[in-house]
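The values are calculated or read from the model by the stated rules, or taken from the named source; none is laboratory data. Because the structure is a prediction, the values reported are computed rather than measured. Here Cβ is always computed from backbone atoms with ideal geometry, including for glycine, and neighbour counts include all displayed protein chains.
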Amino acid sequence: MAQPCFTPRLAGVAHEVVKNSAIFFDRDGVLAIPTFRDGRSFSALSINEFRIYPEAEEAVLSAKTAGFLAIVITNQPDVASGKVSRETVEAMHEILQAQLALHDIEVNYEPSGSLASRRKPNPGMIFDSAEKWNLSLSTSYVVGDRASDMEAARRAGCASVFIDRGYVAEPLPRIFDYKASDVLDAVKWCIARKNGVQDAENL
Ligand SMILES: [Mg+2]
């Protein structure tokens, strides 16, 4: 009798090698509109202040349609310093989730200056997501507006997109793969690069 071409075990192995790709979005200055003052940006401290960029909805939808998981990775040190409550930040994320239908939101509440593994520029939130969502990090992207976002991307092995909001009170990132005008421009570049890689592989 003819044997099957592959065993269930081999089929299982083949299944495991298929990995997902994500676009990791920083929150403030990328999806949510911060307050700009003295050459830097400040996160919203109340629900009333919390605003989402008008182009964010199309950006996240485009990313998902192109096959990416849409995941937020955000440092929120203002909770530790007492400027805003954790409940308020969580309420902001419910708004973000309701409007953008993200796959996930990863938050780090460590204070500024903490070297915790999940606090950007460390890549812990990205690594945790990779495990949770079965991600290939070399085909995933980080979109951010600060050097710490670009550094987290580099440490995780993701491509990086920098949105330059013109901060003059902090060092600009020196290494990134693309400079975007806003989050929609960023996502369009990620999709074009993904398709370019696929085309190259199919040659
Ligand atoms: Mg930011």
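How about region 170-203: which of its residues are charged (D, E, K, R) and either over 27 Å from residue 128 (Cβ atoms) or in a helix (DSSP H, G or I) (or both)?
Those that are charged (D, E, K, R) and either over 27 Å from residue 128 (Cβ atoms) or in a helix (DSSP H, G or I) (or both): 179, 182, 185, 188, 193, 194, 199, 201.
Give all pairs with beta carbons closer than 9 Å in which a residue from region 141-154 that is within 16 Å of residue 181 (Cα to Cα) and modelled with pLDDT of 95 or more meets a residue that is near the ligand (Cβ under 10 Å from one of its atoms) and part of a helix (DSSP H, G or I); count only pairs at least 6 apart in sequence or on separate chains.
Final answer for the pair search is 142/149; 143/149.
Which ones in region 39-58 are among the small types (Gly, Ala, Ser) and within 16 Å of the ligand (Cβ to nearest atom)?
39, 41, 43, 44, 56 - these are the residues of region 39-58 that are among the small types (Gly, Ala, Ser) and within 16 Å of the ligand (Cβ to nearest atom).
Is there a residue in region 100-109 that is out of contact with any Leu (no Cβ under 9 Å at 6 or more places or on another chain) and farther than 26 Å from residue 58 by Cβ?
Checked region 100-109: at least one residue is out of contact with any Leu (no Cβ under 9 Å at 6 or more places or on another chain) and farther than 26 Å from residue 58 by Cβ.
Take region 106-134 and flag every residue that is farther than 13 Å from residue 72 by Cα, touching a helix residue (DSSP H, G or I) at 6+ places or on another chain (Cβ under 7 Å) and among the polar types (S, T, N, Q).
117, 122
Residue 36: modelled with pLDDT under 95, within 15 Å of the ligand (Cβ to nearest atom) and among the hydrophobic types (A, V, I, L, M, F, W, C), yes or no?
yes
Select, from 122, 134, the only residue that is closer than 27 Å to residue 177 by Cβ, at pLDDT 95 or above, among the polar types (S, T, N, Q) and within 16 Å of the ligand (Cβ to nearest atom).
Of 122, 134, the one residue that is closer than 27 Å to residue 177 by Cβ, at pLDDT 95 or above, among the polar types (S, T, N, Q) and within 16 Å of the ligand (Cβ to nearest atom) is 122.
Can you pull out the residues in region 87-107 that are under 13 Å from the mean Cα position of the chain (by Cα) and either among the basic types (Lys, Arg) or not in a loop (DSSP other than H, G, I, E, B) (or both)?
Selection gives 104, 105, 106, 107.
Do you know which of the residues in region 19-33 that are among the charged types (D, E, K, R) and within 12 Å of the ligand (Cβ to nearest atom) is nearest to residue 151 (Cα to Cα)?
Per the criteria, the residue is 26.
Which residues, counting only those in region 147-164, are under 18 Å from residue 119 (Cβ atoms) and among the charged types (D, E, K, R)?
Passing the criteria: 149, 151, 154, 155.
Report the residue count in region 154-164 for those that are under 19 Å from residue 70 (Cα atoms), within 13 Å of the ligand (Cβ to nearest atom), out of contact with any Asp or Glu (no Cβ under 6 Å at 6 or more places or on another chain) and of a type outside the set (Phe, Trp, Tyr).
The total comes to 1.
Output the residue which, of all residues in region 45-58 that are in contact with a helix residue (DSSP H, G or I) (Cβ under 7 Å, 6 or more places away or on another chain) and in a loop (DSSP other than H, G, I, E, B), is surrounded by the most Cβ atoms within 10 Å (Cβ to Cβ).
The selected residue is 50.
Tell me whether region 137-148 contains one or more residues that are farther than 19 Å from residue 102 by Cβ, within 13 Å of the ligand (Cβ to nearest atom), of a type outside the set (Ser, Thr, Tyr) and buried (at least 22 other Cβ atoms within 10 Å of the Cβ).
Yes: one or more hits.
All but one of (1) away from the ligand (no atom under 13 Å from the Cβ); (2) modelled with pLDDT under 95; (3) assigned to a loop (DSSP other than H, G, I, E, B) hold for residue 167, so report the exception by its number.
Result: residue 167 fails condition (1) only.
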